[in-house]
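Okay, structure first, notes after.
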2 protein chains.
Amino acid sequence: MTTTRRRAVLQLATGLAATLPVTSWARAGLSVPAVNAERLRRSLEDLSAFGRPAGGTFADGVSRVAYSEADVAGRALAMQLMRAAGLTPVVDAAGNISGRRPGSDPSLRPILIGSHIDTVPGGGNFDGILGSLAAIEVVRTLEEHQVRTRHPIEIAIWSNEEGDPMGSAAATGPVPALLMDSAAPANAAARDALRRIGGDPAKVASARRAPGSIRCYLELHIEQGGVLDAEKVPIGVVEGIVAIDQYEVTIEGVANHAGTTPMPLRQDALIAAAKMIEAVNQIATAEPGAQVATVGKLEVTPNAANVIPGRVRHTVEIRDLSSDKVARLGAAMARRAQQIAAETQTRITMTRYLHLEPALADPALQTAIEAAAANLGLRTMRLPSGAGHDAQEVAKIGPMGMIFVPSVGGVSHSPKEFTTWADCANGANVLLGTLLAVDRKRSAGAR
Amino acid sequence: MTTTRRRAVLQLATGLAATLPVTSWARAGLSVPAVNAERLRRSLEDLSAFGRPAGGTFADGVSRVAYSEADVAGRALAMQLMRAAGLTPVVDAAGNISGRRPGSDPSLRPILIGSHIDTVPGGGNFDGILGSLAAIEVVRTLEEHQVRTRHPIEIAIWSNEEGDPMGSAAATGPVPALLMDSAAPANAAARDALRRIGGDPAKVASARRAPGSIRCYLELHIEQGGVLDAEKVPIGVVEGIVAIDQYEVTIEGVANHAGTTPMPLRQDALIAAAKMIEAVNQIATAEPGAQVATVGKLEVTPNAANVIPGRVRHTVEIRDLSSDKVARLGAAMARRAQQIAAETQTRITMTRYLHLEPALADPALQTAIEAAAANLGLRTMRLPSGAGHDAQEVAKIGPMGMIFVPSVGGVSHSPKEFTTWADCANGANVLLGTLLAVDRKRSAGAR
């Protein structure tokens, strides 16, 4: 969507840059090498062949579900690209692919960059993929331009981001339940699957990285929402990955004959549900902020045209960067549910079954991303990530920053998922600029 | 629910009564024999054994689905009861059981009384069954008290009222589609099933009764709604069987990620559906009358907690005695749908897929039922039948009248379906009184 973009490749004055604080970078008139946008595009197109519908094109999207044949083939291509960037790919016991480019200062911890290349069934060619291949392109650019960084640069292509168990979770926390030694068939299947991508379910604990073992983690990703596209802003600076609460609402009315039961004698669970759906929307939009609330799943019993619904079960999902706000909105919806139950002569219960804490992005990294974008003449805006990402797992072991690029029409998890090639290149260049700025910044300690 | 009831059996002054108009019956101080309430109860209890859940009692309801073994056994009991009432049961090619008691005037057409004894799966012991066994009890009472009627009295126990093809439809109209000669597997199955109850699919046309071939049809039935029970009125006088329109509403929004799509950018099909559900209710209740409207079936796509619903399909069913009103309400809902589509940025289509004309009860028969009830000291109220009945088919060949008795709590098509024994006896006595009043009334012609 944007047209402002630099293609000129300027050699870094590395000796000078290394002494400058991050925010002085642009003011000092320094520049950074630019990624090869055509090569980045070609790598996305090449990878799209693995999992593409038979007879389809790039525009038909991809089903490269983790552990599938397509995933195995896609991972092989990614490793080939890593080798072309001068890296030696390694697969850990959780199936994560990594490759490290040494830095000049052996005392420094690595700057980790990456994402994932597995997709949802019927997914698109950008979600995770752009961040993974841009990370490789960034390293290849450093290599081509002989830019020596102080920190080691490490690429991580996390396994199975779209499913469970997530490779990034296994790398940053305890062994995921599905990989624990167990006779349960689901666990056995997960362990078998992991072996197909070179993992070792018996040794997953060995994949764990210690908290504080990285300088930081940077992930470029498509927004998957429509904010940047609508606002015509090429770079999003992620404030954090939202907290999520999910509730199940059960409404008990009385199923009865739709012909013989007069309107005033009804206890219609679906009318109560309709009021709940509107209440959830109203409560979520009644105050300013980026919070979202959704009734996404709803089931009616007995679900026949000539029977008054006796029972409705539906979900309520609430997301915001503040878990306090998420909890407060849920409480307001639960209070409204009791009013609706009284109005409709139904019984309503609302039970929370999922609670995820937010993962906040590091403030200094947000500033660094903004500076890197500004250096390229790219406008930015801060926004929360409503979707989950590997970054929320990796935030457990070090400072995390995320760069978003626009999703055309906000579409994602769909063959129609698209980000313009210009925006892809912008994102990769901002990732490179941020990485170099962080690398040059003298840091006192871990964070 | 009621306690006023006559048990005294008084011999009819038939010669005198025969000359009196219907409404003068009570004023003339005449009385009619009363049915044997205990015998009626016993017959209901006996029939309940066929299709009862294993190890259950009367209170556990019954699954006597048409053509099943339980149906075959139940029909055998009904025929045995008919024989005990002096009738010779006959099974027509559509599986309907009938039995005729001759009248004194060979020029008169029969008064037809009856209902059905098949049930829904997991049904109760009253729906159809009360009307069928009360009809037999009425004839047995006439027989015991040696009451000679002028008209023949004919009992009809219609086959497969709860399913398709209905025996009463086959007896009053063209051969139902499912019994037409055809190689379609569904038709073959229906024809095989019909043979199990003594029908003959090849000769179903022979079961058809000509329009004008009956003096009238009277059917006693449980209300299946909660109006009589709520109003504490023991006898309902049915004004007719309602017209029914069913619509399918399809709402197209845009499915999207529930985390990444800000509230103002959503096109949520379920929010539009919630507004439709409330609109259907509001439009149906905004004017006086007995009309009902129901959203009974609703399906969400893709139906996941973390995805904004992209598509909702739901039904709208509207019922009223006036098909004009039903059409007008549907049109108002369709107009509202377009407003909602505009408000929610969705696309809504509303398509009628079922239209049933009403079957109005004969006004003179309504008056006769009221008089018969008054003669027994029973209060009445007029009300539409929101449910379909054999009577709506039989109305095609002659004047139709229906008597309702209260359903406790309005519950039906459920093992919990119940009508007090006192109300059952009241209904049977009103059926008997109405029959005798009609029999005595000098009628000029067919209707």
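Residue under question is A:VAL90, and the condition is that it be under 24 Å from A:ALA395 (Cβ atoms) and over 18 Å from the mean Cα position of the chain (by Cα); does it hold? Answer is yes for this residue. Checked against the criterion of being in a strand (DSSP E or B), touching a helix residue (DSSP H, G or I) at 6+ places or on another chain (Cβ under 6 Å) and either at positive phi or touching a residue at least 24 places away in the same chain (Cβ under 8 Å) (or both), the candidates B:ILE136, B:ILE157 yield just one match: B:ILE157. The residues of the stretch B:105-136 that are farther than 15 Å from B:PHE418 by Cα and of a type in the set (S, T, N, Q), listed by number, are B:SER107, B:SER115, B:SER132.
Among the residues of the stretch A:338-385, those identified as in contact with a Ser or Thr (Cβ under 7 Å, 6 or more places away or on another chain) and in a loop (DSSP other than H, G, I, E, B) are A:GLU357, A:PRO358, A:GLY377, A:LEU378. B:THR285 passes every criterion in (1) within 11 Å of chain A (Cβ to nearest Cβ); (2) within 30 Å of B:ILE369 (Cβ to Cβ); (3) touching a strand residue (DSSP E or B) at 6+ places or on another chain (Cβ under 6 Å) apart from (3).
When B:LEU178, B:LEU218 are screened for being of a type outside the set (D, E, K, R) and either without any contact (Cβ under 8 Å) to a residue 60 or more places away in the chain or in a helix (DSSP H, G or I) (or both), only B:LEU178 passes. Within the stretch B:256-281, the only residue that satisfies the criterion of being surrounded by fewer than 23 Cβ atoms within 10 Å (Cβ to Cβ), of a type in the set (Gly, Ala, Ser) and more than 7 Å from chain A (Cβ to nearest Cβ) is B:ALA279. For the stretch A:328-343, a residue qualifies if it is out of contact with any strand residue (DSSP E or B) (no Cβ under 8 Å at 6 or more places or on another chain) and surrounded by fewer than 15 Cβ atoms within 10 Å (Cβ to Cβ), and the qualifying residues are A:ALA331, A:ARG335, A:GLN339, A:ALA342, A:GLU343. Checking each residue in the stretch A:291-313 for being in contact with a Lys or Arg (Cβ under 9 Å, 6 or more places away or on another chain) and among the small types (Gly, Ala, Ser) picks out A:ALA293, A:ALA304, A:ALA305. The set of residues in the stretch B:294-326 being of a type in the set (Gly, Ala, Ser) and over 30 Å from A:ALA293 (Cα atoms) consists of B:SER322, B:SER323. So which helices (runs of 4 or more DSSP H) stay within the stretch B:1-113 end to end and still have 2 or more residues that are modelled with pLDDT of 95 or more, of a type outside the set (Asp, Glu) and surrounded by fewer than 17 Cβ atoms within 10 Å (Cβ to Cβ)? The qualifying helices (runs of 4 or more DSSP H) are B:37-47, B:69-84. A:ALA230 fulfils the conditions (1) part of a helix (DSSP H, G or I); (2) farther than 19 Å from B:GLY296 by Cβ; (3) not assigned by TED's automatic domain parsing to the domain that holds A:PRO406 except for a single criterion, (3). Where strands (runs of 3 or more DSSP E) sit wholly within the stretch B:282-321, those with at least 3 residues that are buried (at least 19 other Cβ atoms within 10 Å of the Cβ) occupy B:292-294, B:311-320. So, B:HIS314, is that one over 30 Å from B:ASN429 (Cβ atoms) and facing another protein chain (nearest Cβ under 9 Å) or not? For B:HIS314, the condition - over 30 Å from B:ASN429 (Cβ atoms) and facing another protein chain (nearest Cβ under 9 Å) - is met.
No other residue among A:ALA243, A:ALA305 is among the small types (Gly, Ala, Ser), in contact with a Leu (Cβ under 9 Å, 6 or more places away or on another chain) and modelled with pLDDT of 95 or more apart from A:ALA243.
Each residue in the stretch B:203-222 was checked for being touching a Leu at 6+ places or on another chain (Cβ under 8 Å) and either among the small types (Gly, Ala, Ser) or within 14 Å of another protein chain (Cβ to nearest Cβ) (or both), and 2 of them qualify. Scanning the stretch A:386-407 for residues that are in a helix (DSSP H, G or I) and within 13 Å of chain B (Cβ to nearest Cβ) turns up just one, A:GLN392. For the stretch B:139-154, the tally of residues that are outside any helix (DSSP H, G or I) and in contact with a strand residue (DSSP E or B) (Cβ under 9 Å, 6 or more places away or on another chain) stands at 5.
So, A:ILE308, is that one closer than 21 Å to B:ARG311 by Cα and of a type in the set (A, V, I, L, M, F, W, C) or not?
Numbers: closer than 21 Å to B:ARG311 by Cα: no; of a type in the set (A, V, I, L, M, F, W, C): yes.
Criteria not met by A:ILE308.
Scanning the stretch B:246-266 for residues being of a type in the set (D, E, K, R) and either under 30 Å from A:VAL227 (Cα atoms) or not assigned by TED's automatic domain parsing to the domain that holds B:LYS297 (or both) gives a total of 2.
If you go through the stretch B:344-359 one residue at a time, do you hit one that is more than 24 Å from A:VAL307 (Cβ to Cβ), surrounded by 18 or more Cβ atoms within 10 Å (Cβ to Cβ) and more than 14 Å from chain A (Cβ to nearest Cβ)? No, there is no match, as no residue in the stretch B:344-359 is more than 24 Å from A:VAL307 (Cβ to Cβ), surrounded by 18 or more Cβ atoms within 10 Å (Cβ to Cβ) and more than 14 Å from chain A (Cβ to nearest Cβ).
I'd like the full set of residues that are surrounded by fewer than 24 Cβ atoms within 10 Å (Cβ to Cβ), touching a Pro at 6+ places or on another chain (Cβ under 8 Å) and either hydrophobic (A, V, I, L, M, F, W, C) or within 11 Å of chain B (Cβ to nearest Cβ) (or both), limited to the stretch A:228-250. Those that are surrounded by fewer than 24 Cβ atoms within 10 Å (Cβ to Cβ), touching a Pro at 6+ places or on another chain (Cβ under 8 Å) and either hydrophobic (A, V, I, L, M, F, W, C) or within 11 Å of chain B (Cβ to nearest Cβ) (or both): A:ASP229, A:VAL233, A:ALA243. Could you please let me know if B:ALA193 is more than 8 Å from chain A (Cβ to nearest Cβ) and under 22 Å from A:ALA279 (Cβ atoms)? Criteria not met by B:ALA193. Checking A:THR301, A:THR294 one by one, the residue that is of a type in the set (S, T, N, Q) and within 8 Å of chain B (Cβ to nearest Cβ) is A:THR294 and no other. Being acidic (Asp, Glu) and either over 20 Å from A:ASP118 (Cβ atoms) or surrounded by fewer than 24 Cβ atoms within 10 Å (Cβ to Cβ) (or both): is that true of A:GLU161 here? Answer is no for this residue.
The values are calculated or read from the model by the stated rules, or taken from the named source; none is laboratory data. Bear in mind the structure is a predicted one, so any value in this text is a computation, not a measurement. Quick reminder, even Gly has a Cβ in these numbers, built from the backbone with ideal geometry, and neighbours come from all protein chains shown.
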